[in-house]
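Here the structure comes first, spelled out in structure tokens, and everything after it is commentary.
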Amino acid sequence: MDERVDQTETRPAPDRVSRAAPAVRRPGAGYWVLTGLIAAGLAGGGWYLWTQRATQTASRAAPAGRSTGGAPQPVGFATVDTGDIRIMLNELGTVTSLDTVTVLTQINGQLQEVGFKEGQVVRKGDFLAQIDPRPYQAALEQAQGTLAKDQGLLAQAQADLKRYQTLGRQDSIAQQQLDDQRYLVQQYTGTVQTDQGAVDTAKLNLAYCHIISPIDGQAGLRQVDPGNYIQTSSTTGVVVITQMQPISVLFSVPEDNLPDIIQRVRAGATLTIEAYDRANTRLLATGQLGTMDNLIDTTTGTLKLRGIFANPDELLYPNQFVNARLLVNTMPNTVRVPVPAVQRGEPGTFVYLINPDNTVSVRPIKVGPVDENYQAVLSGLNPGDRVVTDGTDRLRDGAAVSLPAQPAGGQRGAGGPGRRQTAGPNAASPANAAAQHEYRHQQQAQ
């Protein structure tokens, strides 16, 4: 027993250092900061998604026609009324003179004198230019001399024939001699006629030396100066004269509009045409439809029309480009709204109708022709209804609105005149229409 105890006591002690567990490295302060930021971001994102879904759920659950909250949107508005809507065709036209003449010389010669001023209004028969007449005067005198000589020979032959006829009845001369004398008279008669033609030609050439205006119109720029030798082969002429009063406008209309035009013309109606300037802003003249072409252009599917204008102020000029507005018909006492009020989107054509509680609702409508700033409404609205004309891009069905003191463009009574006023500041432009459409698309997607 004692020996086992002693052996146990003599064993060496284990190495505590070599058997110790490895040391664990504790995380630093930066680790905990980064972990906190990530947790905070996840929590914020979850809260944002939850609030957005709650907002959409509340919006869908809101009753129809009621606002989901928020301050009223300021808008411009107009009151629906009735008036005349003109059915007009606006086409590009060209002013053309009813009579244009390039004054050309009909003889060769030196231009001695010009009797007009550039831009002068001339009448038919007025003196325009003078060509040296002396060569043609001499030719006339020569032709007259030849004519006088041949007339004398003819008279002598006729006298001889008369005597021969008397002798022939007495059988005093041969029949052949009488026949020869008769043929000689015929020859001299032809010669005299030829000479008379030469005289007439010489007189005509002499008259052509004095150039006169063939029509009433306005003289253009002088094409040749005095002292130059002008010839009949020239194509520039002396001057161009154009008729200014009356004047016409040529324009083309689509063949789809022909039935309405033909029906009105055959009924005896006089169709009015207004000619506006190139910018389509200034009225230049008012005329009426004169005539229509007899063939449709198959390449364009259009028919040419000619409008006649008195043109008292001469604001229409040949070869001028104008906008021709043809009044085809008039829709009297028609319900109408300002053009900016008409919207187009997924519901079709609609307006924002202002309710009595100053909220708006989408009202689908059926529209007709546009007359300047107004568009006809065939169904969907009644006179007295109020519609939004400005600020539609910020609206949705049921939104609350605040209204100005006066309607946009001024209040109009029922049955007002056909002349239009500007319907509010929200002019219908392609950019504004595109923005409104995009906004409505986003609202519907939500």
For this session: Find all pairs meeting these conditions: Cβ atoms under 7 angstrom apart; at least six residues apart or on different chains; first residue within segment 92-118 and without any contact (Cβ under 8 Å) to a residue 24 or more places away in the chain; second residue part of a loop (DSSP other than H, G, I, E, B).
Result: none
Exercise. Conditions: (1) assigned to a helix (DSSP H, G or I); (2) loosely packed, with under 12 Cβ neighbours inside 10 Å; (3) under 59 Å from the mean Cα position of the chain (by Cα). Residue 176 meets all but one. Number of the miss?
Worked result: (3)
Problem set entry | Selection count, segment 224-242, where residues are in contact (Cβ under 8 Å) with a residue 12 or more places away in the chain and open to solvent by 40 Å² or more (accessible area, probe 1.4 Å) | 11
Exercise. Given the structure, is residue 382 under 28 Å from the mean Cα position of the chain (by Cα) and of a type in the set (S, T, N, Q)?
Worked result: no
Problem set entry | Scan of segment 316-342 for residues that are open to solvent by 20 Å² or more (accessible area, probe 1.4 Å) and part of a loop (DSSP other than H, G, I, E, B), ordered by number | 317, 318, 319, 320
Problem set entry | Residue in segment 366-383 that is surrounded by fewer than 15 Cβ atoms within 10 Å (Cβ to Cβ), part of a loop (DSSP other than H, G, I, E, B) and modelled with pLDDT under 90 present | no
Seminar exercise, completed: Residue set 307, 345, 268, 287; condition surrounded by 12 or more Cβ atoms within 10 Å (Cβ to Cβ), more than 15 Å from the chain's Cα centre (by Cα) and farther than 30 Å from residue 388 by Cα; output residue 287
Problem set entry | Close pairs from segment 263-284: first charged (D, E, K, R), partner open to solvent by 30 Å² or more (accessible area, probe 1.4 Å), Cβ under 8 Å, at least 6 apart | 264/329; 274/283; 274/286; 274/325; 274/327; 278/321
Seminar exercise, completed: Within segment 308-336, the residues that are closer than 23 Å to residue 277 by Cα and of a type in the set (Val, Ile, Thr) are 308, 322, 328
Problem set entry | Subset of segment 226-254 (residues that are more than 16 Å from residue 127 (Cα to Cα) and in a loop (DSSP other than H, G, I, E, B)) | 227, 228, 231, 232, 233, 234, 235, 236, 243, 244, 245, 246
Problem set entry | Unique residue being surrounded by 13 or more Cβ atoms within 10 Å (Cβ to Cβ) and acidic (Asp, Glu) when the list is 297, 390, 313, 357 | 390
Seminar exercise, completed: Filtering segment 197-223 down to residues that are open to solvent by 70 Å² or more (accessible area, probe 1.4 Å), touching a helix residue (DSSP H, G or I) at 6+ places or on another chain (Cβ under 8 Å) and either under 14 Å from residue 129 (Cβ atoms) or of a type outside the set (D, E, K, R) (or both) yields 201
Problem set entry | For residue 279: the one exception among (1) touching an Asp or Glu at 6+ places or on another chain (Cβ under 6 Å); (2) assigned to a loop (DSSP other than H, G, I, E, B) | (1)
Exercise. Can you find even one residue in segment 108-118 that is under 22 Å from residue 217 (Cβ atoms) and loosely packed, with under 13 Cβ neighbours inside 10 Å?
Worked result: yes
For this session: Run down 340, 356 and say which single residue is touching a residue at least 12 places away in the same chain (Cβ under 8 Å), over 30 Å from residue 220 (Cα atoms) and out of contact with any Pro (no Cβ under 6 Å at 6 or more places or on another chain).
Result: 340
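The values are calculated or read from the model by the stated rules, or taken from the named source; none is laboratory data. Predicted model, so just to flag it, every value in this text is computed and none were measured. Cβ sites come from the backbone with ideal geometry, for glycine too, and all protein chains shown count toward neighbours. Keep in mind that these areas ignore ligands, DNA and RNA; they rest on the heavy atoms of the full protein, side chains included. Shrake-Rupley method; radii C 1.70, N 1.55, O 1.52, S 1.80 Å.
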